[in-house]
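Participant: Just dropping this structure here.
Values quoted throughout were computed directly from the atomic coordinates according to the rules given, and no laboratory measurement underlies them. Small disclaimer: the values here were computed from a predicted structure and weren't measured. FYI the Cβ positions are ideal-geometry reconstructions off the backbone, even for glycines, and counts take in every protein chain you see.
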Amino acid sequence: MHGIGNDFILLDLISQNIHLTNEQISVLADRRTGIGFDQLLTVEPPTDPDMDFRYRIFNADGSEAEQCGNGARCFTRFVRDRGLTTKTLLKIETNTGAIECKLEKDGNITVNMGSPQLQPEHIPFISDKPGITYAISLCGSMDLAGSESSVQCSVVSMGNPHAILIVGDVNSAPVSRLGPLVQNHKRFPEKVNVGFMQIVNRSNVKLRVYERGVGETLACGSGACAAVVAGRLQGLLDEEVNVELTGGKLKVKWKGDDHPVMLTGAACRVYEGHLQI
């Protein structure tokens, strides 16, 4: 399946019992010798009786991720298509809390991503005090930093950590060069997803994301949410924003403060197959 180009394989662990090692996941993720995907998603029975399902996310390198908005939409489409539920509003358990997913009448899916976390210790991010933007020093990164001795970014958690850099032109942004430097910076103890956002106007942005354990992807739902939060906190964006990623467009709505971030977009089924483990 894919959500505007962010692609996944989904495993039904409700009706079958399977365990994959990190090594097996990374082998399957290889786009030349395996299936190829950004993340592997599992559908599991919930541990909380108030939830409908449990949702787990594994990156292409086998590491486990906390959150994925595009994946949540594909998860919702998958459980509906497989006949695992007939509900149009699902409560889904994740490693960082519950999310709600709603199947809209037009076929799109809206994910309630919860409230953004801005306190450094909850992201996690090393800082003496919270701020709207932070300067990240790139000194000591050999010649990879180019002319930049530091970058200015906002830091937000949407259940997973994001650093958002505002750039003039997303197409020429040094994603492949700066992405790894910021992602592996010592101020991010659990590493970070790095977003490069170009503001077109108050209701439209362009975004590229360098994701942990994957590299640059065609789309990142939680990254789109984090980018809009960052732009709103800086007074640059309105309440509802269209986010154009390489793979397509998402709609993000955030009223501010402790309100949840709402993410709306498509989820597409590509094919179904069988794996011999």
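Participant: For the chain, please report how many Lys pairs fall under 22 Å Cα to Cα, leaving out neighbours fewer than 8 apart on the same chain.
Facilitator: 20
Participant: Turning to a different aspect of this structure: For the stretch 134-277, take N as its residue count and report Rg(C-alpha) divided by 2.2 N^0.38 Å.
Facilitator: Numbers: Rg = 15.8 Å, N = 144, 2.2 N^0.38 = 14.5 Å.
Normalised by 2.2 N^0.38 Å, the Cα Rg of the stretch 134-277 equals 1.09.
Participant: Taking H as built 1.01 Å from N, whose amide H comes closer than 5 Å to the amide H of Glu216, not counting residues under 5 places away?
Facilitator: Glu211
Participant: Can you give me the convex hull volume of the Cα atoms of the stretch 63-215, divided per residue and expressed in Å³?
Facilitator: Values: hull volume 21.3 nm³, N = 153.
Spelled out: Cα convex hull of the stretch 63-215, divided by residues, is 139 Å³.
Participant: Just the ratio, please: alpha-carbon radius of gyration of the chain over 2.2 N^0.38 Å, N its number of residues.
Facilitator: 0.97
Participant: Could you list the trypsin sites (Lys or Arg not before Pro) in the stretch 77-118 that lie in coil according to DSSP, counting only those with at most 14 other Cβ atoms within 10 Å of their Cβ?
Facilitator: Values: sites: Arg77, Arg80, Arg82, Lys87, Lys91, Lys102, Lys105; in loops: Arg82, Lys87, Lys105.
Answer in residue order: Arg82, Lys87, Lys105.
Participant: How much length is gained if the chain between Thr86 and Glu190 is pulled fully straight, taking 0.36 nm per residue apart and subtracting their Cα-Cα distance, in nm to one decimal?
Facilitator: Values: separation 104, 0.36 × 104 = 37.44 nm, distance 3.70 nm.
Length gained, Thr86 through Glu190: 33.7 nm.
Participant: From largest to smallest, what semi-axes in whole angstrom does the stretch 1-137 give when each is the square root of 5 times an eigenvalue of its alpha carbon gyration tensor? Numbers along the way, then the final one.
Facilitator: Working: eigenvalues 141, 90, 44 Å².
Semi-axes from the Cα gyration tensor: 27, 21, 15 Å.
Participant: Rank these for me by crowding, Val270, Val194, Val79, Val43, going from fewest to most other beta carbons within 10 Å. Intermediate values should be presented prior to the final figure.
Facilitator: Working: Val270 10, Val194 29, Val79 23, Val43 20.
If I rank by nearby Cβ atoms, fewest first, I get Val270, Val43, Val79, Val194.
Participant: Under a point spin-label approximation (7 Å from Cα along Cα-to-Cβ), what is the Val270-Asp169 distance to one decimal in nm?
Facilitator: Label-label distance for Val270 and Asp169, simple model: 3.1 nm.
Participant: Using only helices, what value at 222 nm comes out for the chain when you add -39,500 (n - 2.57) per DSSP H run of length 4 or more and divide by the total residues, to the nearest 500 deg cm²/dmol?
Facilitator: Working: 4 runs with 43 residues, N = 277.
Computed mean residue ellipticity for the chain: -4500 deg cm²/dmol.
Participant: Would you mind counting up the charge near Phe78? Only other residues with Cβ under 11 Å from its Cβ, with Lys and Arg at +1 and Asp and Glu at -1.
Facilitator: +2
Participant: Would you please classify the overall shape of the stretch 43-117 from the alpha carbon gyration tensor, given that a ≥ b ≥ c denote the square roots of the eigenvalues, rounded means a/c under 1.5, and beyond that prolate means a/b larger than b/c while oblate covers the rest?
Facilitator: Working: a/c = 1.39, a/b = 1.35, b/c = 1.03.
Here the stretch 43-117 falls in the rounded category.
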